[in-house]
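Inspection log for the structure reproduced underneath, given as structure tokens.
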Amino acid sequence: MNKQQLANKIWASANKMRSKIDANEYKDYILGLIFYKFLSDNEANYLLKDMKGASDAEKKAALEGLVENYEDENSKVIIDYCRNNIGYFIEYKNLFSTWLLPDSSFTVADLSVALNSFDRLVSPHYKTVYDGIFKTLQAGLSKLGENPASQTRALKDLIKLIKDIPTDGSQDYDVLGYVYEYLIGNFAANAGKKAGEFYTPP
């Protein structure tokens, strides 16, 4: 995905939110969700990096083993392994990719639980890096709709748009950096404007 295609994807995401929140707040939702996707994909890729010859079923089983269960020795080992090496642990049910599965029953409550769990499970050694990183996203979930059902619909729309944004480091540019610059340049400058009043970027 080149920069123009990425910009189009971000713009499409913003359009989904036009009627819900002020333009300057878009960045908090879009960037927050993209970063959560990045962290989810990073954990999955880290755990699967030594399973290159494994089948898809074996890889899926490995990811499904990401459970916060301190009574199970294997689960404890995986949690410690993730926290010590990447600084955090995300359960299988809270992975971005899990929310995209056809049988997923994802709701806005699931995102709230996932963000709270992320904060709780960050390694003490990485607190300065990740502490409160999703605070704005978490606090703003109620603005996405009048009730949980409408908030869930808005989130599902965003997740479906964001799912194709590459976060695996395969691009020849800094994807997260570009997304941040784009959002700040196009929406932060419009602080105070009502939803839908921002200008189309050149």
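The values are calculated or read from the model by the stated rules, or taken from the named source; none is laboratory data. Only a predicted model underlies this, so the values are computations on that prediction, with no experimental measurement involved. Cβ coordinates were reconstructed from backbone atoms using ideal geometry, including for glycine residues, and neighbour counts include every protein chain displayed.
Key figures for this structure:
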quantity	calculated
Checklist (1) modelled with pLDDT of 80 or more; (2) out of contact with any helix residue (DSSP H, G or I) (no Cβ under 6 Å at 6 or more places or on another chain); (3) under 26 Å from Leu6 (Cα atoms) applied to Lys60, failing item	(3)
Any hit, the range 66-84, residues being closer than 22 Å to Trp11 by Cβ and modelled with pLDDT of 85 or more	no
Flag for Asn45 being assigned to a helix (DSSP H, G or I) and modelled with pLDDT of 75 or more	yes
Enumerated helices (runs of 4 or more DSSP H) restricted to the range 56-171, each holding at least 2 residues that are free of Cβ contacts under 8 Å to residues at least 40 places away in the same chain	56-64, 73-85, 108-121, 127-130, 135-139, 148-162
